[in-house]
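The values are calculated or read from the model by the stated rules, or taken from the named source; none is laboratory data. What you see is a predicted model; the values in this text were computed from it and never measured. Note: ideal-geometry Cβ built from the backbone for every residue, glycine included; neighbour counts use all protein chains shown. Side chains included, ligands, DNA and RNA excluded: accessible areas come from the protein's heavy atoms. Shrake-Rupley method; radii C 1.70, N 1.55, O 1.52, S 1.80 Å.
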Amino acid sequence: MTRIPLLIITLLFLSCNSFSDREQKIYASPAGYDLKEPVRYRVRESMQEISGIEAFPDERNMIAINDEEGRVYKIDVHTTQPYPSWKFAKNGDYEDICRTDSGWFVLKSNGSLYEVHGLFTDSVSTTHYKFPKEGKREFETTYFDSARNSIVLITKNAHDDKKDGKTSAYRFDLATRTFDTMPLFRLDNEEIAKLAGTDMRFFKPSAAAIHPIEKRLYIVASVNGLLVITDLQGHVQEAYNLKHRLFLQPEGLTFAANGDLYISNEGGYDGMANILKFTYKRK
């Protein structure tokens, strides 16, 4: 009489272990990180549509934007007080913020860059740089490449890219304050899908930043539920699936100088917006 229950228990145990092994493989983490064990910081109601983020050197404050207001916020992740903010432009669809050696820039979804002057003062102004290439494109991702003295914009949706399964990146030269009209590089969507083990057709980045120690590009894609790592020439090296219960809608990504990784999630029907911190454990 005891053999059947013992057999059932054994099968259940083996099944659970097998599922755990599969899950570990599917939801692996890049070297130095554990994407299953973040420190979570909830953000206030005013930032439920948090988008781009940039870490301050103190690892306590984040500079952030939300999707609609044309306003830059300073978020103290340990406070419950209202966040100070600065209006830089009229309301619109703003997707990312980027700190460079020569100042702060905000990305609009149509590819326009807004250089923000006098941020953190009472006299904020902007210079608007319009993306020059014709055709329908949507952008959510920009990052600073100090070696090129450039801001790089990566498309989320572009008519040109749909023809051959690539995702294009364009350069904004900070020396001349001009855009290149030819792509700096093009990400291979098929290679990303193969590394991630998915049947993804189009790769749709939502945020990116260069790792300060590894000097590689980390890209998060909310629609695809992926974290992708490339070299600085856009050659895909690694791809990781993200658990939805942790990464509800990842729209921002930044690093501290020591390699700690921060990813921001918008709120909405699935939960409250937050910022996740993943400590970098260098080997």
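Results for (1) open to solvent by 40 Å² or more (accessible area, probe 1.4 Å); (2) at pLDDT 95 or above; (3) in contact with a Cys (Cβ under 7 Å, 6 or more places away or on another chain); (4) farther than 25 Å from P250 by Cβ, shown as yes or no for each residue.
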{"position": "F131", "(1), (2), (3), (4)": "no, yes, no, no"}
{"position": "G135", "(1), (2), (3), (4)": "yes, no, no, yes"}
{"position": "Y143", "(1), (2), (3), (4)": "no, yes, yes, no"}
{"position": "A147", "(1), (2), (3), (4)": "yes, yes, no, yes"}
{"position": "V152", "(1), (2), (3), (4)": "no, yes, no, no"}
{"position": "N157", "(1), (2), (3), (4)": "yes, no, no, no"}
{"position": "D160", "(1), (2), (3), (4)": "yes, no, no, yes"}
{"position": "T167", "(1), (2), (3), (4)": "no, yes, no, no"}
{"position": "D173", "(1), (2), (3), (4)": "no, yes, no, yes"}
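Would you confirm whether any residue within segment 203-214 is touching a helix residue (DSSP H, G or I) at 6+ places or on another chain (Cβ under 8 Å) and part of a loop (DSSP other than H, G, I, E, B)?
Yes, because at least one residue in segment 203-214 is touching a helix residue (DSSP H, G or I) at 6+ places or on another chain (Cβ under 8 Å) and part of a loop (DSSP other than H, G, I, E, B).
Is there any pair linking a residue in segment 232-251 that is on the phi > 0 side of the Ramachandran plot to one that is part of a strand (DSSP E or B), with Cβ under 6 Å and at least six apart or on different chains, and which?
If the second residue must be part of a strand (DSSP E or B), the pairs left are G234/F185; G234/L187.
Restricting to segment 254-280, give me the number of residues that are open to solvent by 10 Å² or more (accessible area, probe 1.4 Å) and assigned to a strand (DSSP E or B).
Looking only at that region, the number is 5.
Scan segment 93-102 for residues that are open to solvent by 20 Å² or more (accessible area, probe 1.4 Å) and either over 19 Å from the mean Cα position of the chain (by Cα) or hydrophobic (A, V, I, L, M, F, W, C) (or both) and jot them down.
D101, S102
Counting only residues that are assigned to a loop (DSSP other than H, G, I, E, B) and touching a residue at least 40 places away in the same chain (Cβ under 8 Å), which one in segment 84-104 is nearest to G118 (Cα to Cα)?
By that ranking, first place goes to S102.
Would you mind stating whether F105 is open to solvent by 60 Å² or more (accessible area, probe 1.4 Å) and among the aromatic types (F, W, Y)?
no
State whether the residues of segment 233-244 include one that is at pLDDT 95 or above, within 25 Å of Y129 (Cβ to Cβ) and either buried (at least 21 other Cβ atoms within 10 Å of the Cβ) or over 11 Å from the mean Cα position of the chain (by Cα) (or both).
yes
Can you find even one residue in segment 192-209 that is under 24 Å from I75 (Cα atoms), buried (at least 17 other Cβ atoms within 10 Å of the Cβ), at pLDDT 95 or above and not small (G, A, S)?
Yes, segment 192-209 has at least one match.
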